[in-house]
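See below for the structure under consideration.
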Amino acid sequence: MPASAILRISRPRFALVVLLGVYPLITALLYLVVPLTEGWPIWQRTLLIAPLMVASMTWLLMPAVHRYFSRFIHVGAD
């Protein structure tokens with residue numbers, strides 16, 4: 001592929017890969033946090049989980065998606 005070629009991200013493919021990463025991540029976070037926060041209102045649990053989720057996605061999940069699934073999510077990367 002020429003260096004000047006512009007690769008576009010297929011949004012449906014990108015969404016699929018992100019979903020496959022986010023689902024187990026949020027499930028694991030819930031299993032870790034819920035026992036420690038028994039009796040807390042849902043908004044407090046969410047307040048605890050949301051920053052963990054965002055940090056995990058920013059520094060772990062999204063870089064991994066781009067590194068390992070780049071050929072799948074980019075249109076014309078065949």
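Values quoted throughout were computed directly from the atomic coordinates according to the rules given, and no laboratory measurement underlies them. Bear in mind that the values here come from a model prediction, so they are computed numbers and not experimental data. Methodologically, a virtual Cβ is constructed for each residue, glycine included, from the backbone with ideal geometry; neighbour enumeration extends over all protein chains shown.
Remarks
- On a per residue basis, the convex hull of the C-alpha atoms belonging to segment 8-75 measures out at 83 Å³.
- For segment 35-41, putting each phi into the Karplus relation 6.51 cos²θ - 1.76 cosθ + 1.60 with θ = phi - 60° gives couplings of x, 7, 10, 4, x, 6, x Hz, in residue order, rounded to whole numbers and with x for Gly and Pro.
- Extension reserve of the Leu36-Tyr23 stretch, reckoned as 0.36 nm per residue once the Cα distance is removed: 2.6 nm
- Förster-model FRET efficiency, 25 Å R0, Val54 and Ile6, C-beta, rounded to 0.05: 0.30
- Potential lengthening between Ala64 and Trp43 on full extension [0.36 nm per residue; Cα-Cα distance subtracted]: 4.6 nm
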